[in-house]
Each structure stands twice: as structure tokens, then as C-alpha cells.
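The values are calculated or read from the model by the stated rules, or taken from the named source; none is laboratory data. This is a predicted model, so every value here is computed, not measured. Cβ placement follows ideal geometry from the backbone for every residue including glycine, while neighbour counts extend to all protein chains displayed. For the accessible areas, the whole protein counts, side chains as well, though only heavy atoms, and no ligand, DNA or RNA atoms are used. Shrake-Rupley method; radii C 1.70, N 1.55, O 1.52, S 1.80 Å.
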Amino acid sequence: MSVNKVILVGRLGKDPEVRFTAGGLGICSFSLATDRKYTNKQGEKVEETEWHRCVTFGKLSEICGQYLHKGSLIYAEGRLQTRDWQDKDGNKRWTTEILVEQMKMLGGKGERPAASGASSGDDPFDRVPDMPSDDDIPF
């Protein structure tokens, strides 16, 4: 048995790019930044950022293109895929991407798209807590 599952919570590095195949299938790609904060052996606070290439297909790609933007905080769940190709000079190239199958928009009121409706005061986005740093986790 094997498992290929990726779960990320991070922010988009730039606006998503949506394109369509000749058959009309939507493809959306975006970069997602995750960070890790810790204290090194010298007692200095360190923050590392990891960038992930993400791709969505079909209806999810259209939703991502419509509602996400640079800085959006999202939960993304999917699987890893590595693909290779030859560039125009004949060199073999490869990339590893996250094929996102589920996505949830997170964040506060200021990050929610205007199309989501009027503010009612009972907004679940108001209750999303900050993610704890490694220093905050007791194990």
C-alpha cells in the first residue's frame, strides 16, 4: 500500500493563472508559500519559506481563478506529481507540482472576495485562528 497526499496551508505568491485546453477544460496554476518558524541553536529566531507549485483542473480551476488573489490564505489538499519534458533547446526539464483536489479559502474579512455576500457579524471567517508556530506546540 502507498499514499500520496499533500496538505498545505499557505498564501498565494501572485495571482493565479487560468487557461483552458482546446476541449474547454480549465487549468489554474499558482504558487503557494508556507513558512516555518523556529529558534536555532544560537537562540536566533529563524523563518524559512517554502514555495509550492500548485495546479487545479475543471470547476475548481475556475473557482480559484475567480476568488483567489496574491496573498490569499488557503487550505490545499491534493497529491504530488512529477512530470518531465524537453525544452526548446532539447534539454530535459522536470518539475514537481501539487495537484490540488480540494481547496478552502481561509483568512479574515479583508481577504474574503466581495462576491461572497454582505457581512452579517456571524461570519465563520472571523473565527479562523492564527496557525501556531513550532515554538507554540508542546511536543
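Hey, E77 hits all of (1) among the charged types (D, E, K, R); (2) open to solvent by 40 Å² or more (accessible area, probe 1.4 Å); (3) in a strand (DSSP E or B) but one; which does it fall short on?
(2)
Out of curiosity, is I27 at pLDDT 95 or above, part of a strand (DSSP E or B), open to solvent by less than 60 Å² (accessible area, probe 1.4 Å) and out of contact with any Gly (no Cβ under 8 Å at 6 or more places or on another chain)?
Yes.
Across segment 61-74, which residue is most open to solvent (accessible area, probe 1.4 Å) among those that are polar (S, T, N, Q) and in a helix (DSSP H, G or I)?
Among them, the one singled out is Q66.
Please work out which residue is surrounded by the fewest Cβ atoms within 10 Å (Cβ to Cβ), limiting yourself to segment 1-22 and to residues that are among the aliphatic types (A, V, I, L, M) and farther than 12 Å from I98 by Cβ.
This residue is M1.
Open to solvent by less than 50 Å² (accessible area, probe 1.4 Å), assigned to a strand (DSSP E or B) and among the polar types (S, T, N, Q): is that true of T56 in this structure?
In short, yes.
Name the residues in segment 30-53 that are polar (S, T, N, Q) and surrounded by 11 or more Cβ atoms within 10 Å (Cβ to Cβ), would you?
Once the filter is applied, which keeps residues that are polar (S, T, N, Q) and surrounded by 11 or more Cβ atoms within 10 Å (Cβ to Cβ), segment 30-53 yields S31, T34, T39, T49.
How many residues does segment 1-25 contain that are out of contact with any Leu (no Cβ under 8 Å at 6 or more places or on another chain) and touching a residue at least 12 places away in the same chain (Cβ under 8 Å)?
Residues flagged as out of contact with any Leu (no Cβ under 8 Å at 6 or more places or on another chain) and touching a residue at least 12 places away in the same chain (Cβ under 8 Å) within segment 1-25 amount to 6.
Kindly indicate which of W85, W51 is assigned to a strand (DSSP E or B), out of contact with any Asp or Glu (no Cβ under 8 Å at 6 or more places or on another chain) and at pLDDT below 95.
W85
Check K109, K70 and return the single one that is closer than 24 Å to V18 by Cβ and at pLDDT 50 or above.
K70
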